[in-house]
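The values are calculated or read from the model by the stated rules, or taken from the named source; none is laboratory data. These numbers were taken from a predicted model, which means no experiment stands behind them. So basically every Cβ, Gly included, is an ideal-geometry build from the backbone, and we count neighbours across all protein chains shown. What goes into the accessible areas is simple: the full protein's heavy atoms, side chains included, and nothing from ligands, DNA or RNA. Shrake-Rupley method; radii C 1.70, N 1.55, O 1.52, S 1.80 Å.
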Amino acid sequence: MTDARRTRITIEGIVQGVGFRPFVFRLAEHHGIAGWVQNTTAGVVVEAEGDARRLASFVADLTGKAPPLAVIVSLATEEIPPQGGTAFAIRYSEGSAGPVRVAPDGDVCPDCLHELFDPADRRHRYPFITCTNCGPRYSLITAVPYDRPNTTMAPFPLCDACRTEYEDPRNRRFHAQPVACPECGPRLRLVDADDRDLPGDPVEEAAGLLSQGKIVAVKGIGGYHLAVDALNDGAVRELRRRKARDEKPFALMAPDLAAVRTFALPDAVEERLLAAPEHPIVLLRKRPDNPVSPLAAPANGYFGTMLPYAPLHHLLLRDRFTALVMTSGNLSDEPIAYRDAEARERLAYIADAFLVHDREIHTRTDDSVIRVFRGNPLFLRRSRGYVPREVRMPVEIPAVLAVGAELKGTICLARGDRAVMSQHIGDLKNAATLDSLAETTAHLQGLLGLTPELVAHDLHPDYLSTAFAEGIPVLPRVAVQHHHAHLASCMAENGLDGEVIGVIFDGTGYGRDGTVWGGEFLVGGYGGFRRAGHLRQVPLLGGDAAVREPFRMALSYLYDAFGADFFGLSLPWLREIGEAERPLFLQMLERRINSPPTSSCGRLFDAVAALTGVRGRVSYEGQAAMELEALAEGSATASIYPYAIVRNDVSAEVDFRLMVRALAEDAAAGRPGGEMARAFHNTLAAAVTDLCAQIRAVDGLDRVVLSGGVFQNKLLTEGVFQSLADQGFHVYTHRLVPPNDGGLALGQAIIAGYGARKGE
Amino acid sequence: MNKDLILLGHGSGGKLSHQLLDDLIIPTLSGIPLAGQNDAAVVEHGGQRLAFTTDSYVVDPIFFPGGNIGSLAVNGTVNDLAMMGARPLFISAGLIVEEGFSRTELAGILASMRGAADAAGVRIVTGDTKVVPRGKADRIFINTSGIGAVEHDFAINGANARAGDVVIINGTIGDHGIAVMAEREGLDLRTAIRSDCAALNDLVAEIIAAGGDAVHVLRDPTRGGVATTLKEIALQSDKTITLREETLPLNGAVKGVCSILGLDPLYVANEGKLLAVVAPEAAERVLTRIKGHRLGRDAAIIGHVAEGGGRVQMETAVGGMRAVEMLAGEQLPRIC
Ligand SMILES: [Fe+3]
Ligand SMILES: [Mg+2]
Ligand SMILES: [Zn+2]
Ligand SMILES: [Zn+2]
């Protein structure tokens, strides 16, 4: 060809271990392109030669038709001299592996799903069917480069038939590291707690047990689930009893969207996210007349729902169940079990049988949980399916390890303009979780080839993550204030630089002044911040006890609003507080005994939940606030309670004493809870907007980021968003990492790294 | 925050106290035989092994149910000697009295000191009295030092916990801290809570008689409570200590007050308690002997020692395993 041109294409992103090279190979054959493709330390490099028109469509298809698990971050082309030839080759990787991007765990692709249920296929009903376009990755990779010996598939040598597929670039199993078949791959078993096989076909028997109302532990991709038939009241009740989990909602898994629609009301965006390769748990509004056991998600307007993402789930659910409860295989508050012996031991008294297999899970990854806010995911937990996907940051920083908070532990490893957030590690107060903080740190550093130059941690001296950071020898440490980290986290994922207003509402965080913050209006950026305003402080009555017992916060707010006489108010829940306890609570309030001042917004929600009679005690974190939100959704009132914003030289205080008085009067007068709850949400949104406008008038800033766990509340987030937008603010919320402490490490990393940039 | 300032937390017995010791006090004063992390130094002179300790008492209030600053000052120092397995012999008494302090109250405190010394079988042999202007001290501060004889020939110290050992406590936890707080804050309690303030040397003699060299560690969980003391032992011995929440002896009234105040009794101070880390074969023998003593009726095995890590964890009532750490200072909220 005389008009031949040759282009060198460098592609960065998740392009290794996801079938990208065979995809390029097939694409080249399709377009009649000559040249080669190779994995290098810089990413995938392609040299493509052909006429200009073919070359252009080849390049367009590289991004347009990329395999489902691939994520292309950048694609650069460079014109080089033609070399002739007609063949296209896959070249093998050269030398040492560079910063390889590991793919998250995927689902089952349509091709594999078809084969799974095709009686003629040799992998018919084989629960470990996979190809380059689908299946587990992150959870089974033990080291890089991503090759079979570096996965938990290492003990399963390929049979001849699988090897033929594995070596054929035209086959969709070409170099699919987890490829397997019933001849050579992992095997499924149904066993009892002593690892003795139960008779019969494991899937059929497990399904049979489930339909009899039994509890089956199911080994999945990132850990064990406990499954019961979600429509069977007795079974769900028994699971709650054995798991010692009284009220926290259980997640559901339904075989397909049609089944989902029988018990929930997903909209189009929610349906798309349910079926996406990440397969998160999506919080879906309940269908009023749904057949699911009321014990699955009591006192809650939503079902956390997911679709099957492992072949085993499809086998178990299809044509059998409308929905299974699929809750993490653990006792309340413990991390999810993922190793077989450990799972059998810990779940022995919960599960009637164990549906297990001999493919090891290397990295525990919990299911991700999202809500949908304005068409985007709002993460409550970001884990399986998303990790270790990168977040791109607007500034370049040196290599940083950030160790996150304590209750929703995640770590972040960042370098340059890329940050990787780890899977959900969990509550570090659990000894096993604390171990997995260390393991995850080591593992991720290895996978990313990243050696941190500094460690970022929370300012809280007693966070176990702080202790972990302090235990890392030599590396310089940077303590980052909690709410500053929330602000930076939201800025970073939205690509913002410079200064913004941060409205940071969460439970509690250690403040720069040693008090307990949590309803903060910060002005600043990665380089620093100023506390421009906060909620008026009230005593956190009994420290963390106030979190378990929201009525304590109602006492604090009533004391602040009415003084010591508040026990005279005619509120039903007040009368329930014992005669012996009243004087003690009053003394605690008056003398501030174990009751540090707090500006927490999460605790304000608790107070209002207790005041309005929603609940005075919680059995899981965030319960009162969630139920208050659900209650508020039932009312359309636009009414707003009175409040004041009090300014001094350096800061402003949002004073809700007038609102608390009005709420107490309304509650005493029997105003419907929904109206009070809704009016409270309205009031908070109005106060936020007022104070932001005041800050804008002084600082000229019109960008507002919303972060902190309180912004998991959609109703509040929508209210604040709309109200600020109406006033001409640019409002930014989280879409890539959670607004709660699960997203904190990203902010810690960028603040620490920004401060340590060379030449500053 | 000004890094030059000494904070209250530096005296809390928690992480900040340890940092101050490790970063400033011990390095500067090295050369003097400091006890490091132990309750008392064990020194040799003229073929005699002696335990030597000192402690200052600044408790507020100075009178509380179950004792006062005087009995506390004697018992605290007696206990620090006893925790090295020593037989306490001699005590000094340094008084710093604020101008205007009541003579009657001083007399009461001194009588308590004498009473505590007699009860413990030690003699107060030297002392010093200073009066400072009003406002320069809070009524009365007392320093006591003590000397005791170490008469056994095996090691009892915080670095001596071994895998397999059991952890015994001689009774309920948190009584002293809650009694003092209730008195200070004037808490309106239905049931009076008394400090457990007592001299433990007699009980220690019984423990050593029963256990001999199977007694590896003795420690009194004072400031910072059982949690902090066990963490110190775990770190010094490089072992993991696992507690079982259900086995922790707890007085019902203390439990009730702690739950209302939101305090974790594991971090509340004791003044008449000891933790004995004992080889498993001697555990029952030692426990029986402790239970037979008037200061050990509620004794219990509360945990065990395993290899590695300098870690303390607690199996909770629902079967979880919670990490137990030393706190920086006061108990601070941590839930976001
Ligand atoms: Fe937070
Ligand atoms: Mg002492
Ligand atoms: Zn596939
Ligand atoms: Zn095979």
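Number of residues in segment B:231-255 that are open to solvent by 30 Å² or more (accessible area, probe 1.4 Å) and within 14 Å of chain A (Cβ to nearest Cβ): the value is 6.
Inside segment A:709-760, can you point out the residues that are hydrophobic (A, V, I, L, M, F, W, C) and surrounded by 24 or more Cβ atoms within 10 Å (Cβ to Cβ)? Of everything in segment A:709-760, those that are hydrophobic (A, V, I, L, M, F, W, C) and surrounded by 24 or more Cβ atoms within 10 Å (Cβ to Cβ) turn out to be A:710, A:711, A:716, A:720, A:737, A:744, A:745, A:746, A:749, A:750, A:751, A:752.
Is it the case, given these coordinates, that residue A:290 is of a type in the set (S, T, N, Q) and either within 16 Å of ligand 1 (Cβ to nearest atom) or farther than 30 Å from residue A:110 by Cβ (or both)? No.
When residue A:620 is tested against (1) at the interface with chain B (Cβ under 9 Å from one of its Cβ atoms); (2) open to solvent by less than 30 Å² (accessible area, probe 1.4 Å); (3) farther than 24 Å from residue A:654 by Cβ; (4) not small (Gly, Ala, Ser), just one condition goes unmet, and that condition is (1).
Selection of segment A:437-470 for residues being of a type in the set (Gly, Ala, Ser) and open to solvent by 10 Å² or more (accessible area, probe 1.4 Å) yields A:438, A:442, A:446, A:449, A:467.
Put simply, of A:562, A:566, A:585 the only residue that is closer than 17 Å to residue A:666 by Cα and open to solvent by less than 10 Å² (accessible area, probe 1.4 Å) is A:566.
When segment A:405-436 is limited to residues that are surrounded by fewer than 20 Cβ atoms within 10 Å (Cβ to Cβ) and acidic (Asp, Glu), the one that is farthest from the other protein chains (Cβ to nearest Cβ) turns out to be A:417. The number of residues in segment A:272-308 that are open to solvent by 10 Å² or more (accessible area, probe 1.4 Å) and in contact with a helix residue (DSSP H, G or I) (Cβ under 6 Å, 6 or more places away or on another chain) comes to 4. Quickly run through segment B:162-187 and pick out the residues that are in contact with a His (Cβ under 7 Å, 6 or more places away or on another chain) and surrounded by fewer than 24 Cβ atoms within 10 Å (Cβ to Cβ). If the condition is that a residue be in contact with a His (Cβ under 7 Å, 6 or more places away or on another chain) and surrounded by fewer than 24 Cβ atoms within 10 Å (Cβ to Cβ), then B:162, B:166 are the ones that fit. What's the number of the condition residue A:133 fails, among (1) open to solvent by 80 Å² or more (accessible area, probe 1.4 Å); (2) more than 16 Å from ligand 4 (Cβ to nearest atom)? So residue A:133 meets the others, but not (1). Checking B:44, B:105 one by one, the residue that is outside the structural domain of residue B:206 (by TED's automatic domain parsing), free of Cβ contacts under 8 Å to residues at least 60 places away in the same chain, closer than 29 Å to residue B:234 by Cα and of a type in the set (Asp, Glu) is B:44 and no other. Scanning segment A:517-550 for residues that are within 14 Å of chain B (Cβ to nearest Cβ) and surrounded by fewer than 24 Cβ atoms within 10 Å (Cβ to Cβ) yields A:537, A:544, A:545, A:548, A:549. Considering segment B:49-85, the residues that are among the aromatic types (Phe, Trp, Tyr) and either within 21 Å of residue B:194 (Cβ to Cβ) or free of Cβ contacts under 8 Å to residues at least 12 places away in the same chain (or both) include one that is farthest from ligand 1 (Cβ to nearest atom), namely B:63. Listed by first and then second residue, the pairs with beta-carbon distance under 7 Å, at least 6 apart or on different chains, first residue in segment A:614-641 and among the basic types (Lys, Arg), second surrounded by fewer than 20 Cβ atoms within 10 Å (Cβ to Cβ), are A:617/A:548. Test residue B:111 against the criterion of being within 21 Å of the chain's Cα centre (by Cα), within 26 Å of residue B:177 (Cβ to Cβ) and away from ligand 1 (no atom under 16 Å from the Cβ), and give yes or no. It is false that residue B:111 is within 21 Å of the chain's Cα centre (by Cα), within 26 Å of residue B:177 (Cβ to Cβ) and away from ligand 1 (no atom under 16 Å from the Cβ). The set of residues in segment B:216-230 being within 14 Å of another protein chain (Cβ to nearest Cβ) and open to solvent by 10 Å² or more (accessible area, probe 1.4 Å) consists of B:224 alone. Only a single item in (1) farther than 29 Å from residue A:634 by Cβ; (2) in contact with a His (Cβ under 8 Å, 6 or more places away or on another chain) is not met by residue A:704, and it is number (1). With respect to the conditions (1) open to solvent by 10 Å² or more (accessible area, probe 1.4 Å); (2) touching a helix residue (DSSP H, G or I) at 6+ places or on another chain (Cβ under 7 Å); (3) on the phi < 0 side of the Ramachandran plot, residue A:574 lacks only one, and its number is (1). Among the residues of segment A:553-593, those identified as without any contact (Cβ under 8 Å) to a residue 40 or more places away in the chain, within 14 Å of chain B (Cβ to nearest Cβ) and assigned to a helix (DSSP H, G or I) are A:555, A:564, A:567, A:581, A:582, A:583, A:584, A:586, A:587, A:590, A:591.
Taking the numbered list (1) open to solvent by 10 Å² or more (accessible area, probe 1.4 Å); (2) in contact with a Lys or Arg (Cβ under 6 Å, 6 or more places away or on another chain) in turn, residue A:356 passes all entries but (1). Restricted to segment A:594-617, and to residues there that are among the small types (Gly, Ala, Ser) and away from every other protein chain (no Cβ under 12 Å), the residue that is nearest to residue A:633 (Cα to Cα) is A:609.
Quickly run through segment B:1-30 and pick out the residues that are buried (at least 16 other Cβ atoms within 10 Å of the Cβ) and small (Gly, Ala, Ser). Hits for segment B:1-30 are B:9, B:12, B:13, B:14, B:17. From the list A:291, A:335, the one residue that fits, being in a loop (DSSP other than H, G, I, E, B) and either free of Cβ contacts under 8 Å to residues at least 60 places away in the same chain or in contact with a strand residue (DSSP E or B) (Cβ under 6 Å, 6 or more places away or on another chain) (or both), is A:335.
Taking the residues in segment A:437-455 that are away from chain B (no Cβ under 14 Å) and among the hydrophobic types (A, V, I, L, M, F, W, C) as candidates, determine which candidate is farthest from residue A:41 (Cα to Cα). Of everything passing the filter in segment A:437-455, A:455 is farthest from residue A:41 (Cα to Cα).
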